[in-house]
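Data first, discussion second: the structure below is written as structure tokens.
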Amino acid sequence: MSAPAAVHPLAPRFAQGVTGVLCLEGLLFGQPAAVAVAFALVAIALAAPRLSPVGWVFRRIAPPPQRMEPAAPVRFSQALAVLFLGVALVLFAAGVPTAEWVLAGMVAALALLSALAGVCVGCEVYRLALARRGGGEGDVRGDLGLEGPGPWLVVLTAPGCARCEPAARELEGLAGGPVARVDIVRRPRAGRLPVRSVPAVLAVGSDGRVRALRAGRLARRDLEAVAQAV
């Protein structure tokens, strides 16, 4: 079962809240079973997102998204949580409970930070690693499916994103010409760009390099800055 390329921006925070509460419960009451449940829920969400019980609950209570987030950083953060919680459970089974609670406490703190403040440390680690190995830099024409002489104005979109098409139309009005719409579900390699959410607008030069990039809650000045970059 393929994983989605984009997620509701509140979905990771909801899931992190569940993980954080379970790990905190285990830590406060000395219940490794709570940590095991947290591990199982995150592992299911990572391996089969559509079958996740946490995702099922979220989809029934979530408001329609105005924007979407690339799923790759979220999945990297989930993989880190599975790793740390899995090691914690192995340590407990090996008779080293103190080390288990240290790891569970770390996961609880980071998960609750993400849930309450929207700061996903694992996601930022992913973007930093991506930037260090050159992701999102250089010639991006192949990743975005751009053809012709350029330059290009591009809007990254995703299904269910309410703000994506209005942002594309507004950018077209400012630029006085067509704008390329790139769906990150159909072109997942576009997710290599270090954007935190879609819609994202880019100015790409004739050499395929990104000249300007704005993402998330786009104000008119953001769109103007990107339009002027080409």
Subtracting the Cα-Cα distance of A94 and R169 from 0.36 nm times their residue separation yields 21.1 nm
Here the tail fraction of P(r) beyond 22 Å, over all Cα-Cα pairs of region 141-228, rounds in percent to 14 percent
With S114 itself left out, Lys, Arg at +1 and Asp, Glu at -1 over residues whose Cβ is under 11 Å from its Cβ give 0
One point scatterer per Cα, no solvent, Debye formula: log10 I(q)/I(0) for the chain at q = 0.13, 0.17 Å⁻¹ comes out as -0.78, -1.13
Percent relative contact order for region 6-132, counting Cα pairs under 8 Å at least six residues apart, stands at 37 percent
Against the 2.2 N^0.38 Å rule of thumb, the C-alpha Rg of region 6-132 sits at a ratio of 1.04
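Over the chain, what is the relative contact order in whole percent, taking alpha-carbon pairs under 8 Å and six or more residues apart?
It rounds to 22 percent for the chain.
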Which of R217, R60, R50 fluctuates most in a GNM of the chain (C-alpha springs under 10 Å)? That residue is R60
Relative contact order in percent for region 141-228 (Cα pairs under 8 Å, 6+ apart) equals 34 percent
Which of Q16, Q78, Q31 fluctuates most in a GNM of the chain (C-alpha springs under 10 Å)? That residue is Q31
Out of A34, A72, A111, a Gaussian network model of the chain with alpha-carbon springs under 10 Å gives the largest mean-square fluctuation to A34
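All of the numbers you see were taken from the coordinates with simple rules; none came from a lab. Here the structure is a predicted model, which is why all the values come from computation and not from measurement. Glycine gets a Cβ as well: all are built from the backbone with ideal geometry, and neighbour counts include every protein chain shown.
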